[in-house]
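I have a structure I would like to understand better, so I am pasting it below and will then ask my questions one at a time.
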Amino acid sequence: MPIVIANRYARALADVVAASGDYRKVLEELQEFERAYRESPELREVFASPAVAIAQKMKVLEAIGQRLGASPVTLNFLRVLLANYRMPLLEEAVQAYRKISNDRMGVVQVQISSASELSETERESVAARFRQLTRKRVELEFRIESGLLGGMQAQIGSTVYDGSVRGSLARIREQLMAR
């Protein structure tokens, strides 16, 4: 249920941002605020505490927003979350907003896991392949996964493309077992 609520807030924000088209800027501002919120137990406690008046919570929010240089749209969104006691859903709302804004901008996010660091040439080759596959702009997120013996895995949403050594061996084993 919380994800459904977070999606509603994210969709409303995306509709407001559509007028200016600043999806990327708002996403970056939300991610900065989310990072501060996640890393500060004191901040989470202030926003969650019924002992702190909403006016004081708003002042704290305003101060953080100004320090981070948040736009009026982003600040207003955070005010709405706070006023409606939805700040605990911030992470889910940011994730939902990222997905909605990427869909509207024609961007697809691809998570690439590899056994070792990929060279710049390899990264460009992977990016070109996924642009060709998806026919969209791609944003790649690279990470090293020690559990992979070699090769790499890519994930777009819930679809996984497994080009790892482990995946290849598993496919070979399945083929041999089927015979």
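Go through Ala18, Ala6 for me and flag whichever is surrounded by fewer than 16 Cβ atoms within 10 Å (Cβ to Cβ), of a type outside the set (Asp, Glu) and either modelled with pLDDT under 95 or at positive phi (or both).
After applying the criteria, what remains is Ala18.
Sticking with this structure for a sec: Out of all the residues in the range 82-94, is one or more within 19 Å of the chain's Cα centre (by Cα) and aromatic (Phe, Trp, Tyr)?
No, the range 82-94 has no match at all.
Return the residues of the range 141-152 that are at pLDDT 90 or above and either surrounded by 15 or more Cβ atoms within 10 Å (Cβ to Cβ) or among the small types (Gly, Ala, Ser) (or both); say none if nothing qualifies.
Here is the first cut: in the range 141-152, the residues at pLDDT 90 or above are 141-144.
Passing the criteria: only Phe142.
Looking at (1) over 23 Å from the mean Cα position of the chain (by Cα); (2) more than 30 Å from Lys25 (Cα to Cα); (3) among the hydroxyl-bearing types (Ser, Thr, Tyr), which is the only condition Ser146 fails?
Ser146 satisfies every listed condition except (1).
Tell me, yes or no, whether the range 2-11 has at least one residue that is among the hydroxyl-bearing types (Ser, Thr, Tyr), touching a residue at least 60 places away in the same chain (Cβ under 8 Å) and closer than 18 Å to Arg79 by Cβ.
Looking for residues that are among the hydroxyl-bearing types (Ser, Thr, Tyr), touching a residue at least 60 places away in the same chain (Cβ under 8 Å) and closer than 18 Å to Arg79 by Cβ, one finds at least one in the range 2-11, hence yes.
So which pairs qualify, if the first residue must be in the range 13-42 and without any contact (Cβ under 8 Å) to a residue 60 or more places away in the chain, the second must be surrounded by 13 or more Cβ atoms within 10 Å (Cβ to Cβ) and assigned to a loop (DSSP other than H, G, I, E, B), the Cβ gap must be under 8 Å, and the two must be at least 6 apart or on different chains?
Qualifying pairs under 8 Å: Asp22/Ser71; Lys25/Ser71; Glu29/Ala70; Glu29/Ser71; Glu32/Ala70; Phe33/Ala70.
Can Glu32 be described as exposed (fewer than 13 other Cβ atoms within 10 Å of the Cβ) and not hydroxyl-bearing (Ser, Thr, Tyr)?
no
If you don't mind, another one. Enumerate the pairs (first residue in the range 166-179 and part of a helix (DSSP H, G or I); second residue anywhere and at pLDDT below 80) with beta-carbon separation below 6 Å, excluding pairs fewer than 6 apart on the same chain, so at least 6 apart or on different chains.
Arg166/Leu149
Condition first: among the hydroxyl-bearing types (Ser, Thr, Tyr) and in contact (Cβ under 8 Å) with a residue 12 or more places away in the chain. Now tell me which residues in the range 114-130 satisfy that. Spell out how you get there, then give the answer.
Applying the first criterion (among the hydroxyl-bearing types (Ser, Thr, Tyr)) to the range 114-130 yields 114, 116, 119, 121, 125.
Those that are among the hydroxyl-bearing types (Ser, Thr, Tyr) and in contact (Cβ under 8 Å) with a residue 12 or more places away in the chain: Ser114, Ser116.
Is it true that Val138 is among the β-branched types (Val, Ile, Thr) and under 30 Å from Gly151 (Cα atoms)?
Here the answer is yes, as Val138 does meet what is asked.
Every residue in the range 70-94 that is farther than 19 Å from Val16 by Cβ and either in contact (Cβ under 8 Å) with a residue 40 or more places away in the chain or of a type in the set (A, V, I, L, M) (or both), please. First the steps, then the outcome.
Here is the first cut: in the range 70-94, the ones farther than 19 Å from Val16 by Cβ are 85, 88, 91.
Passing the criteria: Pro88, Glu91.
The values are calculated or read from the model by the stated rules, or taken from the named source; none is laboratory data. Here the structure is a predicted model, which means the values were calculated and not measured. No Cβ is skipped: glycine too gets one built from the backbone with ideal geometry, and neighbour counts run over all protein chains shown.
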